[in-house]
Amino acid sequence: MKLNFLDFSLIISFFLIILIVGLWFSKKSSKSSLEFFLSGRTMPWWLLGVSMVATTFSTDTPNLVTNIVRVNGVSGNWIWWIFLLTGMLTVFIYAKLWRKSNVKTDLEFYKLRYGGKPGSFLRKFRAIYLGIVFNIITMSAVTLAAIKIGNVMLGLAPWQTVVGSGIITVIFSALGGFKGVIFTDFILFFIAMGGAISAAYYLVNLPEVGGLENLLANVNVVDKLSILPNFNDKQSLITLLIIPLAVQWWSSWYPGAEPGGGGYIAQRMLAAKDENHAIAATFFFNIMHYALRPWPWIIIALASIVVFPDLQSIKEAFPDISDSKLGHDIAYSAMLTKLPNGLLGIVLASLVAAYMSTISTQLNWGSSYIVFDLYKEQINPQASEKRLVAVGRFSTVVLMVLSALLALFLHSALQLFEILLVFGAGTGLIFILRWFWWRINAWSEISAMFASGILTIILKITPLGVYLFSVEHGIFESYLEYPFVVITTTIIWLVVTFLTPPENKETLIGFYKLIQPDGKGWTKIARKAVEQDSNFNINEQNQNIKFGISAMLLGTVLVYTSMFATGFWIYGEYIKAIILTILMIISGLLLLRTWKKIRYNIL
């Protein structure tokens with residue numbers, strides 16, 4: 001691919017802007033660890049919301065969507081669309097709880113909720129597991145996508161892409177801290193979305209595609225268009241819709257869609273000005289993430305089926321691609337090679353923007369665990385603010401290097417997504433219930449994590465997995481593997497919960513007095529809190545979970561109808577599009593009424 005002066009100018013200008021932003025905020029971010037990781041808790045909802053969207057718009061995301069569409073059609077996206085339910089639960093139930101907790105990281109929650117050595121171990125283990133191991137794997141998947149883009153579009157060797165893309169990202173992440181990440185996310189979002197939309201418009205009008213109408217009528221595409229799985233295909237229906245709807249959304253932990261909130265989404269909620277800004281930011285994110293953003297990628301993925309109908313056609317067009325990196329996800333990059341100069345520079349800049357946004361967030365988030373939950377909590381409790389910032393910057397560099405090295409050995413983004421999904425199976429219910437049921441203790445979470453992880457390793461690596469759930473030779477249908485892990489893990493942690501003692505009374509009362517969660521799960525502790533402190537009054541205004549659940553359901557309808565309506569407008573199915581648009585408006589008005597009740601109760 002030939003880049004001209006205009007392309008290079010656009011890309012270099014973009015890099016300069018990002019570095020300037022990082023340098024601009026470097027001095028302020030150095031003032032304290034709270035500034036470096038949470039920007040002093042002063043961020044408005046619109047800035048945090050855009051940052052959430054930008055963070056989850058990474059180089060591996062369009063590759064993943066392309067892989068899904070080419071293999072399973074548009075409906076295959078239900079494997080992640082279903083997490084909207086989790087997102088809406090976070091918006092209207094957990095966002096205000098996280099902000100009320102006033103912790104610096106979501107792992108500091110363990111200090112509030114659990115006590116003793118099990119609680120301390122859990123916080124330390126989760127910091128290593130999520131902040132280092134899981135975080136490095138996630139970033140390596142993002143870097144893998146960057147490697148494939150660099151290989152296909154620019155002919156770069158993997159190490160060249162890793163070094164080139166990583167250096168600038170780690171510089172501005174280490175210098176600018178969280179505020180630098182947030183403001184660059186704002187810039188990166190518009191560049192990334194502009195590039196994706198422009199690319200989709202141009203590529204669908206290529207001569208070999210013939211415009212949107214011809215694309216939708218193409219014999220290779222027509223059976224990929226359905227937004228819902230084929231109800232006559234039992235395997236597809238169960239795998240893509242029934243299991244995700246019945247089990248997956250509440251049971252699995254995955255970055256950006258954690259049941260009960262968590263990870264870098266929680267980091268942004270914790271940085272909000274107040275509870276209402278935390279709710280609004282998370283709601284905006286879910287609308288953009290599910291309803292609008294995927295469609296440019298889906299259009300390009302469908303067009304790629306026309307231009308590159310199979311892997312062999314991709315290999316023939318790009319003979320230098322190694323077999324270890326060849327997969328359906330590479331079709332997205334292959335399509336982008338057909339862009340003209342100028343637009344090519346914009347799209348390349350948008351892909352770099354997507355990469356930098358996600359990696360910078362993962363670096364800052366993972367580093368916050370290392371600083372607050374490992375270094376300050378376990379190693380040097382008396383560390384100065386200057387020392388904490390220095391440790392944060394050093395750990396940022398180390399995380400970047402380790403993830404880049406791992407990316408050189410990976411093959412497929414979808415493969416990694418599926419493994420990570422199963423690895424957290426069965427743990428999600430604890431993250432939902434621990435706020436509302438006093439009996440859950442640290443051992444509940446510890447047992448769930450180890451059970452889920454060990455079961456996944458056994459099923460994915462040992463012959464037992466093939467014996468039980470192999471498509472051809474397994475005793476059970478392959479789609480039962482995920483529910484098996486969920487059910488087994490849930491039984492284990494419930495048994496462990498009732499076999500181990502509850503958290504001590506002081507810890508439970510302290511947590512209840514701070515958060516005052518709604519529901520019957522804390523009635524016993526609420527009575528003890530009143531008995532212990534006669535001046536303590538239960539704030540009835542906080543008891544609004546019924547409004548939260550109503551808002552969650554209405555918000556889910558609003559986003560899904562928005563997503564479906566957008567698709568049908570694109571498909572030219574105007575009657576369906578109009579009906580869904582009307583439903584979207586009605587659900588939006590009803591949600592607004594419910595939102596006011598939640599907002600007033602918070603205030």
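The values are calculated or read from the model by the stated rules, or taken from the named source; none is laboratory data. Being a predicted model, the structure only gives us computed values, none of them experimental. Using ideal geometry, Cβ is built from the backbone for each residue, glycine included, and neighbour counts are taken over all protein chains shown.
If you go through the range 153-170 one residue at a time, do you hit one that is within 22 Å of Leu48 (Cα to Cα), in a helix (DSSP H, G or I) and either of a type in the set (Val, Ile, Thr) or outside the structural domain of Ser447 (by the TED database) (or both)? Yes: one or more hits.
Note on the range 394-420: among residues that are over 29 Å from Lys117 (Cα atoms), in a helix (DSSP H, G or I) and not aliphatic (A, V, I, L, M), the one that is modelled with the highest pLDDT is Ser403.
Here Phe121, Phe125, Phe134, Phe92 are screened, and the one residue that is hydrophobic (A, V, I, L, M, F, W, C), within 19 Å of His289 (Cβ to Cβ) and in a helix (DSSP H, G or I) is Phe92.
Any residue that is acidic (Asp, Glu), in a helix (DSSP H, G or I), surrounded by 24 or more Cβ atoms within 10 Å (Cβ to Cβ) and under 14 Å from the mean Cα position of the chain (by Cα) - is there at least one of those in the range 54-64? Yes, because at least one residue in the range 54-64 is acidic (Asp, Glu), in a helix (DSSP H, G or I), surrounded by 24 or more Cβ atoms within 10 Å (Cβ to Cβ) and under 14 Å from the mean Cα position of the chain (by Cα).
Assess whether Pro309 counts as being out of contact with any strand residue (DSSP E or B) (no Cβ under 6 Å at 6 or more places or on another chain) and either closer than 24 Å to Ile432 by Cα or not in a helix (DSSP H, G or I) (or both). Yes: the conditions hold for Pro309. Of the residues making up the range 71-100, those that are among the polar types (S, T, N, Q), within 26 Å of Trp435 (Cα to Cα) and surrounded by fewer than 24 Cβ atoms within 10 Å (Cβ to Cβ) number 0.
May I ask you to verify whether Lys111 is surrounded by fewer than 24 Cβ atoms within 10 Å (Cβ to Cβ) and outside any helix (DSSP H, G or I)? So Lys111 fails the test. Do the conditions hold for Tyr332, that is, is it assigned by the TED database to the domain that holds Ser395, under 30 Å from Lys104 (Cα atoms) and crowded, with 24+ Cβ neighbours inside 10 Å? Spelling it out, it is not the case that Tyr332 is assigned by the TED database to the domain that holds Ser395, under 30 Å from Lys104 (Cα atoms) and crowded, with 24+ Cβ neighbours inside 10 Å. No other residue among Phe394, Phe409 is within 30 Å of Arg293 (Cα to Cα) and free of Cβ contacts under 8 Å to residues at least 60 places away in the same chain apart from Phe409.
Right, Asp518: at pLDDT below 80, surrounded by 15 or more Cβ atoms within 10 Å (Cβ to Cβ) and of a type in the set (Asp, Glu) or not? Considered against the rule, which asks whether it is at pLDDT below 80, surrounded by 15 or more Cβ atoms within 10 Å (Cβ to Cβ) and of a type in the set (Asp, Glu), Asp518 comes out as yes.
Is it the case, given these coordinates, that Ser403 is within 20 Å of Pro62 (Cβ to Cβ) and not aliphatic (A, V, I, L, M)? So Ser403 passes the test. Leu237 passes every criterion in (1) without any contact (Cβ under 8 Å) to a residue 60 or more places away in the chain; (2) surrounded by fewer than 17 Cβ atoms within 10 Å (Cβ to Cβ) apart from (2). A search for C-beta distances below 9 Å between a residue of the range 337-351 that is farther than 24 Å from Thr169 by Cα and any residue that is of a type in the set (Asp, Glu) and at pLDDT below 85, counting only pairs 6+ apart in sequence or on different chains, returns Asn341/Asp7. The listed residues are Ile68, Ile137, and the only one of them that is out of contact with any strand residue (DSSP E or B) (no Cβ under 6 Å at 6 or more places or on another chain), under 29 Å from Met335 (Cβ atoms), of a type in the set (A, V, I, L, M, F, W, C) and surrounded by fewer than 23 Cβ atoms within 10 Å (Cβ to Cβ) turns out to be Ile137.
Only one entry of Ala390, Ala383 meets the criterion of being surrounded by fewer than 22 Cβ atoms within 10 Å (Cβ to Cβ), among the small types (Gly, Ala, Ser), assigned to a loop (DSSP other than H, G, I, E, B) and modelled with pLDDT of 85 or more, and that entry is Ala383.
Quick one: how many residues across the range 474-501 are in a helix (DSSP H, G or I) and either loosely packed, with under 13 Cβ neighbours inside 10 Å or touching a Cys at 6+ places or on another chain (Cβ under 9 Å) (or both)? Qualifying residue count, the range 474-501: 4.
Restricted to the range 217-234, and to residues there that are assigned to a helix (DSSP H, G or I) and not hydrophobic (A, V, I, L, M, F, W, C), the residue that is surrounded by the fewest Cβ atoms within 10 Å (Cβ to Cβ) is Asp223. Scanning the range 199-216 for residues that are surrounded by fewer than 17 Cβ atoms within 10 Å (Cβ to Cβ) and within 29 Å of the chain's Cα centre (by Cα) returns a single hit, Tyr201.
If only residues of the range 323-346 that are assigned to a loop (DSSP other than H, G, I, E, B) and hydrophobic (A, V, I, L, M, F, W, C) are counted, the one that is modelled with the highest pLDDT is Leu339. Against the conditions (1) over 25 Å from the mean Cα position of the chain (by Cα); (2) modelled with pLDDT of 75 or more; (3) closer than 24 Å to Ala383 by Cβ, Phe8 satisfies every one except (3). Among the residues in the range 357-364, are any touching a residue at least 12 places away in the same chain (Cβ under 8 Å) and surrounded by fewer than 20 Cβ atoms within 10 Å (Cβ to Cβ)? Within the range 357-364, none of the residues are touching a residue at least 12 places away in the same chain (Cβ under 8 Å) and surrounded by fewer than 20 Cβ atoms within 10 Å (Cβ to Cβ). The single condition from (1) crowded, with 22+ Cβ neighbours inside 10 Å; (2) under 19 Å from Ala278 (Cα atoms) that Val103 fails is (1). The set of residues in the range 235-280 being of a type in the set (Phe, Trp, Tyr) and assigned to a loop (DSSP other than H, G, I, E, B) consists of Trp253, Tyr254.
Somewhere in the range 189-204, is a residue among the polar types (S, T, N, Q) and under 30 Å from Phe308 (Cα atoms)? Yes, because at least one residue in the range 189-204 is among the polar types (S, T, N, Q) and under 30 Å from Phe308 (Cα atoms). Annotation note: of Trp46, Trp78, Trp24, the sole residue that is of a type in the set (Phe, Trp, Tyr), under 17 Å from the mean Cα position of the chain (by Cα) and either under 25 Å from Trp250 (Cα atoms) or part of a helix (DSSP H, G or I) (or both) is Trp78.
Scanning the range 272-318 for residues that are aromatic (Phe, Trp, Tyr), closer than 22 Å to Ala354 by Cβ and within 24 Å of the chain's Cα centre (by Cα) gives Phe284, Phe285, Tyr290, Trp295, Trp297. Taking first residues from the range 2-24 that are of a type in the set (D, E, K, R) and partners that are outside any helix (DSSP H, G or I), the Cβ contacts under 8 Å between residues at least 6 apart in sequence or on separate chains come to Lys2/Asn341; Asp7/Asn341; Asp7/Gly342. Selection within the range 274-311: residues that are in contact with a Lys or Arg (Cβ under 8 Å, 6 or more places away or on another chain) and over 26 Å from Met552 (Cβ atoms). The member of this set that is surrounded by the most Cβ atoms within 10 Å (Cβ to Cβ) is Ala301.
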